[in-house]
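Bear in mind that the values in this text are calculations on the coordinates, not laboratory data. This is a predicted model, so every value here is computed, not measured. We place every Cβ from the backbone using ideal geometry, glycine too, and count neighbours over all the protein chains shown.
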Amino acid sequence: MMARTDQAFMMPPSRWVGYLVALALIVAAPLVLGTPYWRGILVVCAMNVLLALSLNLVLGYTGQLNLGQSAFFAIGAYVSVILVRSHGWNFWLAMVAASAAAGVAGLLLAAFAVRLRGHYLGIASLGFAVITYQVLVNWERVTEGVRGIYGIMPPPPIVLPGLPEISFGNSLALFWLVGGIAFVVYWMLDNLVRSPVGETLRALREDEVSAASLGINGARWKAFAFGLASTIAGLAGCFYPGFVGTLVPDAFNIVESFTMLAMVIVGGMGTMIGPVIGAVVLTFLPELLRSAGELRLMIYGIALTLVVLFMPGGILQLVQIVRTRLAPRADGGGSR
Amino acid sequence: MSALLQARDLHKRFGGVRAVQGISLEVEADSVFALIGPNGAGKSTMMNLLSGTYQPDAGELVFGGVSLAGLPAYRRARLGIARTFQKIRLFRQLSLLDNVLAGFHLHHKVPAWQYLFPAAAFWRDWRTCREEAMALLDFVGLADRAHERAGALAYGQQRLLEIARALATRPRLFMLDEPAAGLNGGEVEFLLGRLREMGTRGITVVVVEHNMELVMNVADHVFVMDHGEYLFQGTPAEVQANPAVIAAYLGGEFA
């Protein structure tokens, strides 16, 4: 009856293969897309993957509508830059502190999630993002407001004994850094959602009352999901300023929250790989449509609407439909 | 006296409706306790008061010597109180197996870091939980459908799955809210057998039920409510013979 009772194995081979392919893609992508322009897009793509992964933990696995993810991205970016520039912190230390700050802000929002459901939580989280944006604009003494912060350096080079210095001044090394971090975060989240923690979060998503009847403390686990997700979004934010070189509040307009939402939904929320696909597609699609000029936003908008209308499970659903058509007897063990 | 659960003078009102008025009861350990009454008698409210879904306006609740006052549902689950719902509340998008696995929430013995980096303790827990979950699914006759979506089950099977999920919490007290509602004759027979089996496994059962056949067959003690108030209690035979109970049922809805 039991499919896998053998304790000797640790992870099914298909997962190892998937991880190896992903690593190979991360290594190869900036070598294939060799121009600085496309390498820059790749860096943005890696950050978007981190953001989509983080939002999906709250939205897809825990079932909490969060329209304010851009706020945590902003907190990560601003806190890391301010710590480095005004307080002389080492970038890597500032990165840890900024991610933690975003995580604490996430706990704050979680306090609302305990009381509010569905659309009400959506509005509250949106409000949270608007407030964060306004603070960035108006707290000029610290954030420089709309004037922005200029001349931000990329992460300092890593010096390992016996190896050439790794400098992040070029987008090749920066992509490998952020892409590598996205890979590690994916791997850890993948383990997490397959563990009893994932079972708990999904139970909360499906029905809070029966989750409570099983001993699940809803408030605590929502706080966990919000805290972890915003920490990851903050981590992504740490790499943004050094890559662009400047930091202005407009980069964290609430529209960004909806772009992240679109990545998760278009890819397929509540799955691990779906949001990654969504982030990649929605990063590259606008670039590929650049030649379409004025029509670009229209095509983008129509494509998005079509996906939401006809494929609520996102691109991943399309892949699964095609796969079941081709192979009539596939295993039905999805964990959506 | 070895009462596992004691309620003293419980009151609960919703606006102007007095759903439960001064109910006191004692549930003996290792027995099957049935709570019956016509529609609107306050049975489901009692169930929600006992499980912590609602808090009483007044009255005391003691479980195994511990006061339940103010404890939310998830804390009561930790003490060993499990329940099913009158209106079925499954994790519909999840597989049967995942529904039951969620019930082991309180019983994982894995160091937290192993949720990110699975090692020996994680896989040991992973394996035992799946084996136990399959055993529970087998207990309610659904093992062969473990990987189907819970929402795809027929109504009666959903009730059985809810029982398996609740049993995964390893309860001392198991409360079932109308478990036989919507079940066909064969399924009721099966359920009867399972309830008796739980009794032999050291699980005290409280059952709210409309189905008289089930109550008379399985209950050690029957407690009758009407209009939120105490009406009568005793053995099934005594209840069946009691004129007040008969009047309440004939006056209200036929059971």
If we only count helices (runs of 4 or more DSSP H) wholly inside segment B:138-255, which ones have 3 or more residues that are free of Cβ contacts under 8 Å to residues at least 12 places away in the same chain, closer than 30 Å to B:Leu97 by Cβ and out of contact with any His (no Cβ under 6 Å at 6 or more places or on another chain)? B:185-200
Has segment A:72-94 got any residue that is part of a helix (DSSP H, G or I), over 23 Å from A:Thr246 (Cα atoms) and β-branched (Val, Ile, Thr)? no
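Let's see how each residue does on (1) within 14 Å of chain B (Cβ to nearest Cβ); (2) surrounded by fewer than 23 Cβ atoms within 10 Å (Cβ to Cβ); (3) over 21 Å from A:Val135 (Cα atoms); (4) among the hydroxyl-bearing types (Ser, Thr, Tyr):
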residue	(1), (2), (3), (4)
A:Asp207	yes, yes, yes, no
A:Ser213	yes, no, yes, yes
A:Asn217	yes, yes, yes, no
A:Ala229	no, no, yes, no
A:Gly234	no, no, no, no
A:Gly237	no, no, no, no
A:Phe252	no, no, no, no
A:Glu256	no, yes, no, no
I'm trying to understand the selection: among the residues of segment A:288-312, which are surrounded by 11 or more Cβ atoms within 10 Å (Cβ to Cβ), of a type outside the set (A, V, I, L, M, F, W, C) and closer than 18 Å to A:Val255 by Cα? A:Arg296, A:Tyr300
Could you tell me whether any residue of segment A:189-198 is under 28 Å from A:Thr132 (Cβ atoms), under 13 Å from the mean Cα position of the chain (by Cα) and within 10 Å of another protein chain (Cβ to nearest Cβ)? yes
Given A:Val185, A:Val159, A:Val193, which one is of a type in the set (A, V, I, L, M) and over 30 Å from B:Cys129 (Cβ atoms)? A:Val159
Assuming A:Ala173 fulfils every condition listed in (1) away from chain B (no Cβ under 14 Å); (2) more than 22 Å from A:Ala101 (Cα to Cα); (3) touching a residue at least 12 places away in the same chain (Cβ under 8 Å) apart from one, which condition is it? (3)
Step by step: first the residues of segment B:107-148, then only those that are more than 10 Å from chain A (Cβ to nearest Cβ) and among the charged types (D, E, K, R), then the one that is surrounded by the fewest Cβ atoms within 10 Å (Cβ to Cβ). Which residue is that? B:Lys109
Close pairs from segment A:145-163: first assigned to a loop (DSSP other than H, G, I, E, B), partner among the small types (Gly, Ala, Ser), Cβ under 6 Å, at least 6 apart: A:Ile152/A:Gly242; A:Ile152/A:Gly245; A:Pro154/A:Gly169; A:Pro154/A:Gly242; A:Pro155/A:Gly242; A:Pro157/A:Ser167
Output the number of residues of segment A:219-272 satisfying the condition of being on the phi > 0 side of the Ramachandran plot and in contact (Cβ under 8 Å) with a residue 60 or more places away in the chain. 2
Hey, could you check segment B:75-96 for residues that are more than 9 Å from chain A (Cβ to nearest Cβ) and part of a helix (DSSP H, G or I) and say which is nearest to B:Ala181 (Cα to Cα)? B:Leu96
Evaluate segment B:43-60: report whether one residue or more is within 14 Å of chain A (Cβ to nearest Cβ), charged (D, E, K, R) and buried (at least 21 other Cβ atoms within 10 Å of the Cβ). no
Which ones in segment B:6-42 are closer than 21 Å to A:Val209 by Cβ and crowded, with 17+ Cβ neighbours inside 10 Å? B:Leu10, B:Lys12, B:Ala19, B:Val20, B:Leu35, B:Gly42
Does at least one position in segment B:38-51 carry a residue that is more than 26 Å from A:Arg220 (Cα to Cα), aliphatic (A, V, I, L, M), in contact with a strand residue (DSSP E or B) (Cβ under 6 Å, 6 or more places away or on another chain) and assigned to a strand (DSSP E or B)? no
